Amino acid sequence: MAYRAEPPDGGWGWMVVLSAFFQSALVFGVLRSFGVFFVEFVAAFEEPAARVSWIASIGIAVQQFGSPVGSVLSTKFGPRPVVMTGGILAALGMLLASFATSLTHLYLSIGLLSGSGWALTFTPTLACLSRYFSRRRSLATGLALTGVGLSSFAFAPLFQWLLNHYAWRGALLLVSALSLHLVACGALLRPLSLAEDPVVGGPGAQITSLLCHGPFLRYTIAITLINTGYFIPYVHLVAHLRDLGWDPLPAAFLLSVAAISDLVGRVASGWLGDAVPGPVARLLMLWTTLTGVILALYPVAEVPTGLVALTVAYGFTSGALTPVAFSVLPELVGTGKIYCGLGLVQMVESIGGLLGAPLSGYLRDVTGNYTASFVVAGAFLLAGSGVLITLPHFFCVSAPTSKPQDLVTEALDTKVPLPEEGLGED
Amino acid sequence: MRTKAAPITSLPVREEMTTKYSNLTLESHSISMTERPNMPAEKNITLERPSNVELTCQFTPSGNLNSVNVTWKKGDKLLEDNYLVNATGSILYTQYRVAVINSKQMGSYSCFFGEKKQQRGTFNLKVPEINGKNKPLITYVGDSVVLICKCQDCLPLNWTWYTGNGSVQVPIGVPVNDKYVISGKHANETKLKITQLSEDDQGTYWCHAIFELGESEGHVELVVLSYLVPLKAFCAIAAEVVLLVAIILLFEKYTQKKKKPSDDGKEIEQGEQLKLDDSNGIENSGPRHRKNESVGQ
């Protein structure tokens with residue numbers, strides 16, 4: 001088996017982008033639109049909304065904490081079999097859920113089983129995407145992540161239509177069929193052998209080396225801080241608007257506007273991340289700082305025009321920081337260790353995500369309005385962007401693309417006798 | 001035209017009615033009309049309990065007040081008494097009082113002004129409306145379902161359920177059995193629980209709320225599907241996914257087979273070119289290009 005020196009940056013890579021697009025749609029789009037099912041579950045099982053919302057919380061938690069498992073398996077077996085298995089698990093969870101007779105049944109089938117399936121799909125796919133691209137990595141990631149936003153638009157009305165025609169049992173059965181497409185997406189992930197792969201070793205060795213890697217740890221801390229503040233506006237924006245006296249329909253409409261600017265931000269930032277020379281971490285810091293500042297400005301804005309402008313800006317900047325957040329990692333640890341690296345980051349950052357929303361809710365209960373919540377969210381984002389400054393090569397002018405090559409040529413001199421001429425190019 | 005100098009609040013009502021029903025609540029409603037025939041002057045009044053009802057029509061005629069004839073009707077029947085007419089400035093008032101104690105007094109009361117071009121104001125006295133469900137309820141064979149009828153601000157005396165068989169309504173729960181259970185936590189709602197659903201249970205269900213002043217009904221439509229309906233859709237989509245996976249994997253095998261035979265040739269060439277490179281540094285572009293092709297597989 002011949003190893004590539006560099007990621008292909010195109011060719012089959014665009015099919016991987018397509019696969020990642022549908023996967024982010026099928027994993028996060030489904031999760032975000034699940035609220036439509038909640039009303040039905042509350043009525044069908046006669047349980048309070050708080051207990052029903054645990055279904056999604058368990059699913060998200062399992063998806064994030066299980067990410068390292070997906071990473072380790074992908075390093076050993078390649079992303080394709082792992083993602084296809086994940087797709088089958090996710091669909092199986094939904095299928096079993098359609099036979100549910102109690103809420104616990106739903107916790108186990110959707111939360112645990114589908115959540116494990118999602119854990120095995122999303123992280124390996126994004127890591128695989130990073131391996132297929134180097135010069136256009138941010139754009140590819142940005143395009144793939146637009147799947148989340150677009151699917152939220154499409155799935156909410158679709159799920160409502162399914163509920164109207166098949167009731168929740170039939171609708172879950174059909175969502176299971178929809179989730180089976182994750183298997184097809186997995187089939188698209190052709191294995192790619194990069195030159196660094198034999199060098200970095202098995203998953204155990206990779207994880208150990210990552211945990212001792214200073215920049216990686218600092219990046220993880222930064223991402224965790226960012227994640228803590230990131231979700232708060234999504235969760236609390238509508239409630240904040242209602243507090244200010246907005247009607248539910250204009251508030252929901254504003255959220256849709258934010259979703260559109262989020263989409264635009266992702267693609268624009270993806271393109272920008274590749275076009276601007278230098279480490280991508282700088283752009284991440286820029287977007288994170290802007291998002292933090294905007295959040296801190298929220299309590300000041302009372303006028304509708306000000307709120308609309310802030311929300312559009314927030315949508316754009318928070319969408320913009322997502323693709324670059326994923327692009328920084330391969331620059332830090334190299335594409336050889338990307339599976340394990342991404343898995344670890346997802347697992348740790350989920351702590352931030354789990355803490356963020358309840359903390360914000362608690363602040364609101366204590367202070368009476370959302371001012372403190374938004375300011376604290378902004379503070380977390382600014383703290384995260386501050387940690388990013390400590391990353392290596394932050395103030396360099398040229399891109400550190402030589403880094404993965406250095407790793408390779410270093411090790412190759414000592415291990416595998418491959419011809420040097422073929423690798424000396426940039 | 002009858003005019004009285006007495007103020008509008010004291011009525012020439014029969015004595016028995018005043019003493020008998022003075023403990024009932026008083027409901028006052030009025031309609032204001034002008035000489036514009038296009039405006040339908042109608043008001044819906046919801047009554048739950050027996051009460052004294054006062055209906056006032058106010059009219060601004062274009063011509064002379066004295067030439068306007070005022071009459072009251074209940075449905076099509078002309079009402080003789082219990083009403084008075086008064087005039088203040090250019091506005092003509094007429095008021096009708098009735099003690100509503102049972103369903104016979106419910107219905108439409110209309111005041112009429114004028115002879116040639118009659119202006120009409122209508123008061124519709126109704127019992128409260130019941131809300132069933134507008135969208136049909138979808139259930140599956142073997143499931144159980146709860147049908148709910150609610151009344152927002154009213155407390156009916158009793159609830160009954162019927163199932164609609166065409167235009168005939170058959171009462172439910174008359175021989176009490178396990179299949180149908182009628183319950184209700186609060187007086188303003190009723191719940192009908194049906195267990196062991198089968199496709200025969202499909203159709204419209206009517207809930208009747210009984211008030212002192214009449215009956216009101218709501219309806220819920222029930223649809224019972226068999227599991228095969230979504231299952232067929234599921235199998236179709238699953239088959240499509242299997243097909244997609246097969247196409248993707250076969251395409252990959254096909255493209256790999258195309259590359260394989262030429263691969264061996266290029267690798268052998270690479271070894272030979274290395275020997276040439278060491279001695280000949282000038283022709284770097286040619287061999288380098290080919291070497292990259294074989295490495296980049």
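Using the Cα gyration tensor of region A:151-236, with a ≥ b ≥ c the square roots of its eigenvalues, what is the shape: rounded (a/c below 1.5), prolate (a/b larger than b/c) or oblate (neither)? The shape class here is oblate. Computed from backbone phi with θ = phi - 60° and the Karplus coefficients 6.51, -1.76 and 1.60, the 3J(HN,Hα) list for region A:334-339 is x, 6, x, 9, 5, 4 Hz; x is used for glycine and proline. Here the contact order of region A:1-195, divided by its residue count and restricted to Cα pairs under 8 Å and six or more residues apart, works out to 41 percent. Rolling a 1.4 Å probe over the protein heavy atoms leaves residue B:25 with an accessible area of roughly 90 Å². Of the peptides A:314-321, A:369-376, the ranking by mean beta-carbon count within 10 Å, highest at the top, reads A:314-321, A:369-376.
Taking a ≥ b ≥ c as the square roots of the eigenvalues of the alpha-carbon gyration tensor, region A:148-303 is classed oblate because a/c is 1.5 or more while a/b is no larger than b/c. Across chain A, the mean sequence separation of Cα contacts (distance under 8 Å, 6 or more residues apart), normalised by length, yields a relative contact order of 24 percent. For the chain pair B and A, the interface hides roughly 2600 square angstrom of accessible area in total, found with a 1.4 Å probe. The residues neighbouring residue A:187, those whose beta-carbon lies less than 14 Å from its own, together hold a net charge of +1 under the Lys/Arg +1, Asp/Glu -1 convention.
Normalised by the number of residues in region A:196-396, the average gap of Cα pairs under 8 Å and 6 or more apart makes the relative contact order 43 percent. Basic side chains Lys and Arg get +1 at the Cβ, acidic Asp and Glu get -1 at the Cβ, and with that the dipole of chain A about its Cα centre reaches some 420 debye. For region A:1-195, the dipole from Cβ point charges (+1 on Lys and Arg, -1 on Asp and Glu) about the Cα centre works out to 640 debye, to the nearest 20. For residue A:107, the solvent-accessible surface with a 1.4 Å probe is about 40 Å², rounded to the nearest 10.
Taking Cα atoms only, the orientation of helix A:49-65 departs from the longest principal axis of chain A by about 0 degrees.
Each Lys and Arg adds +1 at its Cβ and each Asp and Glu adds -1 at its Cβ; summed about the Cα centre, the protein assembly as shown shows a dipole of about 1260 debye. Remark: mean inter-chain Cβ contacts per residue of B:222-232 equal 3, using a 10 Å Cβ-Cβ cutoff to other protein chain atoms.
Where does the Debye-calculated log10 I(q)/I(0) of region A:223-377 sit at q = 0.15, 0.17, 0.20 Å⁻¹, using only Cα point scatterers of equal weight, no solvent? One equal scatterer on each Cα of region A:223-377 leads to -0.81, -1.00, -1.27. Loop exposure criterion: GluC sites (Glu not before Pro), DSSP state outside H, G, I, E and B, at most 16 other Cβ atoms within 10 Å. Applied to chain A, the longest stretch between such sites is A:47-301.
Against the empirical curve 2.2 N^0.38 Å, the C-alpha radius of gyration of region B:18-126 lands at a ratio of 1.08. Of all beta bridges that DSSP places with both ends in region B:18-126, some 65 percent have antiparallel geometry. In the context of the full set of protein chains, region B:138-235 has a per residue accessible area of 55 Å² (1.4 Å probe). Against the main long axis of the alpha-carbon atoms of chain A, helix A:137-179 sits at an angle near 40°. Ordered by 1.4 Å accessible area with all protein chains kept, A:105, B:186, A:165 run largest first as B:186, A:165, A:105. Size of the protein assembly as shown: Rg and Dmax of its alpha carbons, in Å, are 36.7, 132.
For region B:52-158, GluC sites (Glu not before Pro) meeting the loop criterion (DSSP other than H, G, I, E, B) and having at most 10 other Cβ atoms within 10 Å: B:80, B:115. Could you tell me which of rounded, prolate or oblate describes chain A, using a ≥ b ≥ c as the square roots of the eigenvalues of the alpha-carbon gyration tensor, with rounded for a/c under 1.5 and, failing that, prolate when a/b is larger than b/c and oblate otherwise? Verdict is oblate for chain A. Residue A:60 contributes an accessible area of around 70 Å² to the protein surface, as traced by a 1.4 Å probe with all chains present. Projecting the Cα atoms of A:307, A:168, A:83 onto the charge dipole of chain A (Cβ charges, centred on the Cα centre) puts A:168 farthest toward the positive pole.
For region B:146-209, the set of trypsin sites (Lys or Arg not before Pro) satisfying both a DSSP loop assignment and a count of at most 16 other C-beta atoms within 10 Å is given as B:179, B:185. The apolar share of the surface of chain A, taken as the fraction of accessible area on carbon and sulfur atoms (1.4 Å probe, ligands and nucleic acids excluded), comes to 72 percent.
The values are calculated or read from the model by the stated rules, or taken from the named source; none is laboratory data. In this text, all values refer to a predicted model and were calculated from it rather than measured experimentally. In this analysis, Cβ positions are derived from the backbone assuming ideal geometry, glycine residues included, and neighbour counts consider all displayed protein chains. For the accessible areas, the whole protein counts, side chains as well, though only heavy atoms, and no ligand, DNA or RNA atoms are used. Shrake-Rupley method; radii C 1.70, N 1.55, O 1.52, S 1.80 Å.
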